[in-house]
Amino acid sequence: MLTVREATFELFRERGMTTIFGNPGSTELPMLRDFPSDFRYVLGLQEAVVVGMADGFAQASGRTTVVNLHTAPGVGNAMGAIFNAQANHSPLLVTAGQQTRAQITLQANLTNRDATRMPHPLVKWSYEPPRAEDVPLALAHGAHLAGLAPRGPVFVSLPMDDWEAEVDPGDAGAAIARRVTGRAVADPETVASLAARLDAAANPVLVAGPDIDASGGWEAAVALAERQRLPVWASPATGGARLGFPENHPNFRGVLPPAIGPVGQTLEGHDLILVAGSSVFPYYPYIPGPLLPHGAELVAITSDPDEAVRAPMGEAIIADVALTLAALLEAVPESGRPAPEPNPGPGELPETDPINASTVHTVLGAVLPEDAIVVLESPSSTLALRNQLRLSRPGSYYFSAGGGLGFGLPAAVGVQLAQPDRPVVCVLGEGSAQYGITAFWSAVAYRAPVTFLVLQNQEYAILKWFAEMEGVAGAPGLDLPELDVAAVAEGYGVRARRAGDREAVRGALQAALASSAPELVEVPVAPGMSLF
C-alpha cells in the first residue's frame, strides 16, 4: 500500500511542483518527515513572506506552487499576502496543518476551528478532506483549480495524523495521472465581428493589461498593434501586476491614470477601446467623471468572468487572452490608418540635492541588463520607474495588483529562484521594506542574488499625496525618520552600500548587479512623489 505522504509527493513531483515555500510548525512536521531529496523547501521566517515568495515564484515560473503554513495562526499571518496573490492571479496551492482528527471537535490547542471558511473570500476554493484517504485527491483538485483561469490561490486544510494513512495505489495513481486543461479561444463569430469593428473604427486604441504577459500573448499584442496602427496604453499602474506591452515601442503612449474621470479624459477622441488582459479598470482613488469618452465603445478580452461582469460599461469576451489576440490578429487586415506618432523617450533630468527617485531610476535604467527583471514596491515612484526604464521584454516586471504592502521584497526572492539565469532588481521604499523584512534572511539562505534598491525618503510619500488629494490635514503616522534598512539587511547577512549622488548610485548598482549574492543599495532621496 501507499501512504498519503508518499502519494502527495508523487503528485507534486508529477506536476513539477517540487519547490515548496513554508514556515512549518508542529502540525506540519508529519508531512515533512523524510523530505524527498529531489524537492526544495524554501523557508520563510514569517507566513506573509512565505506566501510573497511563492507568489513571485509562481508568476515567474508559470507553475502552480505549493505553500505550507502553520494551522490557523499561520494562515492568519498570511492573509494579506494571499489577498495580493489573488489580485495577481497567482496559482498557489496553500496548505496548512490541522490538529489530529481526534482532537478537532475538542478544539484542542492549534485547532483551526473553521478551517475552510477562514481564508475566504481570498481563495478560489477551500477544503478539508473528510477522510485521510481523500487527501491526495483533494490536493490534486486544488492544484488543477489554482492553475485554471482565472488563476489564483486555493486552500486545503490537512489534519496532522493523515499522513501515515494508507491509500489505494490505483485510486492515488488515477488522481496523480489526471490532466486538466482550460485554455479556450473566443467564438470565431465573436472574433470576426470584433475584427471588423476594429478595422472599421476611425481611431481605435489598445489598453494592454497584465494578463497579456501572464497568458503568453506578448507577441500577438505587439503584432496586432502594428498591423492595426493602434496607440497602446498600459492599464492603470495600481492594478498592473505585470506589463502587457513593450514600453519602448513607438506605439506605446504611457500608463493610464487610475481614476474614473482621468481615464475617460485620457481616452478622449477614440471611438473603439480594446482592453486586453485587464479589469475595466483598477480604479483608485475615486475621481468621478464619464466612464467613457462621448461616442466611444469598449470591448474587453479577459479570462476572468468576474472581471467581465463587474465592469461598469462596455462589452466583454471571456476567453484566453493570448489565444484570442492571436485569433484576432489572423482576422484583421493591415490597416490604412497612419501609424501613431513615435512616443519620445524619457527626457534628461537635472541633478538635485538630495537626488530624487526619478534620477535614481534614470541611473538604474542606464545600468540595468537587457534581460533584467524588476520587482517594484515603491508606491511614490512607481510611475517614475515605468517612465524612466521603459521595460520591454515579457516577464520583466512584477508589482502587487492588490496594493497591499509586503509583496515586493519576498516576491523578488521567489522570482529570482524561479529565474536563476536572469538578474532581478527589487526596488523598494524603506517603509515598504518593513512589511517583508525577514525575506532578507531567505535571500541569503538560498543564495538568491537579488539586487535590492531602497529609496529612503523618510516618509510615507504616497499617503501624504493621498492626504492632499482627499483634503486630510494633520494625519499622524506619515513620517518615517531613522529607518536604516541597510543596517537591518546587513544583520541578515546581505551586503549593503549607501549612495548619495548619481555617480555613487551608478557604481553601487553596477557592483551589486555583478555579484553572485544578494546585495542592497540604499539611496536617500528627496521626499514627495516622483512621476517622470
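Here's the yes/no breakdown for (1) under 17 Å from L198 (Cα atoms); (2) outside the structural domain of V222 (by TED's automatic domain parsing):
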position	(1), (2)
L267	yes, no
L272	yes, no
L298	yes, no
A316	yes, no
A319	no, no
L325	yes, no
G336	yes, yes
P340	yes, yes
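Exactly one condition in (1) in contact with a Leu (Cβ under 8 Å, 6 or more places away or on another chain); (2) of a type in the set (F, W, Y); (3) closer than 15 Å to L428 by Cβ is false for F532; which is it?
(3)
Out of the range 368-382, which residues are crowded, with 19+ Cβ neighbours inside 10 Å and either outside the structural domain of N457 (by TED's automatic domain parsing) or not small (G, A, S) (or both)?
L368, I373, V374, V375, L376, E377, P379, T382
A quick yes/no check of all residues on (1) buried (at least 22 other Cβ atoms within 10 Å of the Cβ); (2) aliphatic (A, V, I, L, M); (3) at positive phi; (4) outside any strand (DSSP E or B):
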position	(1), (2), (3), (4)
L409	yes, yes, no, yes
R422	no, no, no, yes
L428	yes, yes, no, no
A433	yes, yes, no, yes
P449	no, no, no, yes
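Does R502 qualify as being in contact with a strand residue (DSSP E or B) (Cβ under 6 Å, 6 or more places away or on another chain), in contact (Cβ under 8 Å) with a residue 24 or more places away in the chain and basic (K, R)?
So R502 fails the test.
Of the conditions (1) among the β-branched types (V, I, T); (2) farther than 28 Å from E351 by Cα; (3) under 27 Å from the mean Cα position of the chain (by Cα), V525 fails just one. Which one is it?
All conditions are met except number (2).
For the range 86-179, give me every one of the helices (runs of 4 or more DSSP H) that falls completely inside it and has 2 or more residues that are within 30 Å of A241 (Cβ to Cβ) and not β-branched (V, I, T).
135-147
Give me the residue from the range 85-102 that is in contact with a Leu (Cβ under 9 Å, 6 or more places away or on another chain) and not β-branched (V, I, T) and, out of that set, surrounded by the most Cβ atoms within 10 Å (Cβ to Cβ).
Top of the filtered list is A85.
Report, by residue number, each residue of the range 255-280 that is out of contact with any strand residue (DSSP E or B) (no Cβ under 8 Å at 6 or more places or on another chain) and of a type in the set (A, V, I, L, M, F, W, C).
A259, I260, V263
Which of (1) at pLDDT 95 or above; (2) among the hydrophobic types (A, V, I, L, M, F, W, C); (3) farther than 19 Å from Y397 by Cα is the odd one out, the single condition A87 does not satisfy?
Only one criterion in (1) at pLDDT 95 or above; (2) among the hydrophobic types (A, V, I, L, M, F, W, C); (3) farther than 19 Å from Y397 by Cα is unmet by A87, namely (3).
Enumerate the helices (runs of 4 or more DSSP H) found wholly within the range 184-261, keeping only those where 3 or more residues are under 30 Å from A412 (Cβ atoms).
211-215, 218-227
The values are calculated or read from the model by the stated rules, or taken from the named source; none is laboratory data. All values derive from a computational prediction rather than experimental measurement. Quick reminder, even Gly has a Cβ in these numbers, built from the backbone with ideal geometry, and neighbours come from all protein chains shown.
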